[in-house]
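All remarks here apply to the structure that follows.
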Amino acid sequence: MTGSDLAGRRRPAGDGPTPPDAASSFLGDPDGNAAYAAAIDRARDCLLESFATVDGPYAGTDHETLRARIDELTVVPETGDSLAAVLETVGDEILTDSVRVHDPDCVAHLHCPPTIPALAAELLLSGTNQSLDSFDQAPAASVLEERVVDACCDLFDYPAGADGVFTGGGTESNLLGLLLARDWYCRTRFDRDVQSAGLPPEAADLRLLCSDAAHFTADQAAHHLGLGEDAVVTVPTDDDRRMDLAALDETLEALAADGRHPFAIVGTAGTTDFGSIDPLAALADRAAERDLWLHVDAAYGGACAISDSLRSKLAGIDRADSIAVDFHKLFYQPIGCGAFLLRDGDRYRFLERNAAYLNPERDDAAGVPNLVSKSPRTTRRFDALKPFVTFNALGRAGVADCVEYVCELADAVAAEIRAEPALELCCDPELSAVVFRYRPSDRGARAGESDDRPGSASRPALDRLNRGIRDELFADGEAILARTEVDGTAALKLTLLNPKTTPSDLQAVLAAVVDRGEALEAETDST
C-alpha cells in the first residue's frame, strides 16, 4: 500500500478508541486553544488577586498551620472540578501564603523578582514544551540555546571553541565542572578513562580546593563523584572573605608533600553570605603552574560581566576552565535557569555518548545539534528562551542598570548601618549582600567578646537577639531577612536583588530591626 493509499483511508465509525473527555484539556484544535487562552487569563487574575490580598512579603503563616490546612486538600480526586474552581483553591490556599519575591521587603535570599519579559517567555516555553535532548524534539530551541551559550561565552571573554549548556542552576553547573575536571585529570595523569573504566586506584588521594566560604555544592559534588567530602580541602579566607593566597600556597605544598593529587581549584565569584569574589587571576596562575582545573562558581557574581562598571570585579575569569552562572539570580529570570560554560569545548569528550534512538553518531557527523551529550540531564526545558527574550526586551544596558543599582543600594544601606549605634556591619559589601547584626544596649559589646566583662553581651545573648529579630519579622510578615553566622555568632543579612527596592524601604527595615531588638531586650530584662 502506498502512502497516498494510506492518506486516503477513512476509519469506519466506531473503529478503535475515541478520545477521552479529558482530551479537551489539551492544545491542538480550536476548542483546546480557546480553553488555553481562558485558562491563562484566569491564572493571571488568580496571581494578581493573590498579590492584592497580603500587604508585605509574606502573610506570616507558620509551618504547622500551613501543614494542617494543606493536608485537608485532596491531591488526586476521583473526578475533577472546573479549572476555575481549582485555581480559586490554589489562590486561597497556596498563593496567599507564598513569598512575594517582588516585594521591596523580601531581602533574604538570592531569590530574584523575574522580569515581565522572562515571564512571557516562560509562558511560551511551557506551552510548546520543547525537550532539549534531541534536535528532532526541539529544532529551533536547540539552535537558539547554542546561540545564547555562544553569547554567554563572549560575555566572559572566552575564546573561540568555548561551549556550554543550560542547567537548572549552580548546583548542577558546579557538579558538571568538577565531573569534567576529575575525568580530565584522571585521563591526563593516570591514563584512565573514568567513563568506561571507573575511578583509578589513585582516586582516594584526589583533592579539590575551595575557600571556607565557598558554596556547599563543592562538598556535595565530591560526594556525588565518589570522592567523598573528605576530598574537599578548604582554604581560609582573608579579611575581605576572599580565598587567602598565602594559605592556598601552603595548602598546595602540604598536599604535594603528603602525596595527594589536587585536581581542581574552585574559585567563587560571589559567596552566598558576603558576595565576596576570590582573586580569580591569581587562582588562574596557580592552576596553570600546577596544571590543575580552575572552576569558577559565578552563580551570583557572574552578572557583573554584563556591566561595564562592574566587570573588572571578575578579572581573570576568562582563564577559568569552566564557569557556573545563574540567570535566576542577578539576571532576573524565573527559576530554574543557569548555564555551565566550558573554555575548551573539546573537553566535552569526557562526557559524550550516543544513543541510536536519540542522538546517533551520524547526526554528529552531519553537524546536527547534540545537546544531550553536554548535560547530566536528558530531558531539559527550553530555558535559554528566557534570557534571550529578556536581553532583547531590555537590552544589555537595561539589565546592567538593574545589577548596578542593587550593588549601589548595598553600599548605601551599609553606610546606614555604620551610622546606627544599635547595628554592626560585619563586612563591607562586594556585590549586593549586606551582613550585619543588632548590638545590645551595651554598645561596647561585640560578638565574640567574653561575657566575663561587666555588662558585656555574651554570644548566646547576641544569638538569641538576632535570631529572635529575624523570626519575629518573618512571623509578622513585615520583612524577610536572611540569617547566617559570622565567626560563630548569629548575624542578619540583606540580599538585595530587587531594582524596585529603595533606600527608604531599607531604612524602614533597619528601623524595624532596631525596634524588635530593643523590645526583645526589654522582655529579657523583665524576666
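The values are calculated or read from the model by the stated rules, or taken from the named source; none is laboratory data. Computed from a predicted model, the values in this text were never measured in an experiment. With ideal geometry, Cβ positions are generated from the backbone for all residues, glycine too; neighbour counts draw on all protein chains shown. Surface areas here come from the heavy atoms of the whole protein model, side chains and all, with no ligands, DNA or RNA. Shrake-Rupley method; radii C 1.70, N 1.55, O 1.52, S 1.80 Å.
In region 312-398, the ratio of gyration radius to Kirkwood radius, Rg to Rh, stands at 1.02 when only Cα atoms are counted. Basic side chains Lys and Arg get +1 at the Cβ, acidic Asp and Glu get -1 at the Cβ, and with that the dipole of region 84-221 about its Cα centre reaches some 460 debye. Note on A356 and A151: the model spin-label points, each 7 Å out from Cα along the C-beta direction, lie 4.0 nm apart. In this simple spin-label approximation, D291 and T128 carry label points 7 Å from Cα along the Cα→Cβ vector, and these lie 4.5 nm apart. Considering the options S276, L123, V86, tell which one lies farthest towards the positive end of the dipole of the chain, charges being +1 on Lys and Arg and -1 on Asp and Glu at the Cβ, about the Cα centre. Going by the Cα projections, it comes out as L123. To put it simply, the accessible area of the chain at a 1.4 Å probe is 51 percent carbon and sulfur. Each listed q (0.10 Å⁻¹) maps to a log10 I(q)/I(0) for region 268-358, found by the Debye formula over equal Cα scatterers with no solvent: -0.31. Stretching D212 away from T379 to a fully extended chain increases their span by 56.7 nm, per 0.36 nm per residue minus the current alpha-carbon distance. Every Cα-Cα pair of the chain was included, and the share exceeding 42 Å stands at 30 percent. Of all aspartates and glutamates in the structure, those lying under 16 Å Cα to Cα from K386, and not within fewer than 8 positions of it along the same chain, are E122, E145, E146, D150, D326. The ellipsoid equivalent to the alpha-carbon distribution of region 183-239 has semi-axes of 25, 12, 9 angstrom, derived from the gyration tensor eigenvalues as √(5λ) and listed largest first. Measuring between alpha carbons in the structure, the pairs from K374/K500; K329/K500; K329/K493 lying more than 25 angstrom apart are K374/K500.
Magnitude of the charge dipole for the chain, about its Cα centre and with charges confined to Cβ atoms of Lys, Arg (+1) and Asp, Glu (-1), is about 1300 debye. Over the chain, DSSP H runs of length four or greater, each weighted -39,500 (n - 2.57), average out per residue to a 222 nm ellipticity of -13500 deg cm²/dmol. Helices meeting the span-like rule in the chain (full DSSP H runs, Cα extent of at least 20 Å along the helix axis, mean Kyte-Doolittle score of -1.0 or higher): 30-53, 139-155, 170-190, 385-419, 459-475, 503-526. Here region 10-73 yields Rg over Rh of 1.26, to two decimals, using C-alpha coordinates and the Kirkwood radius.
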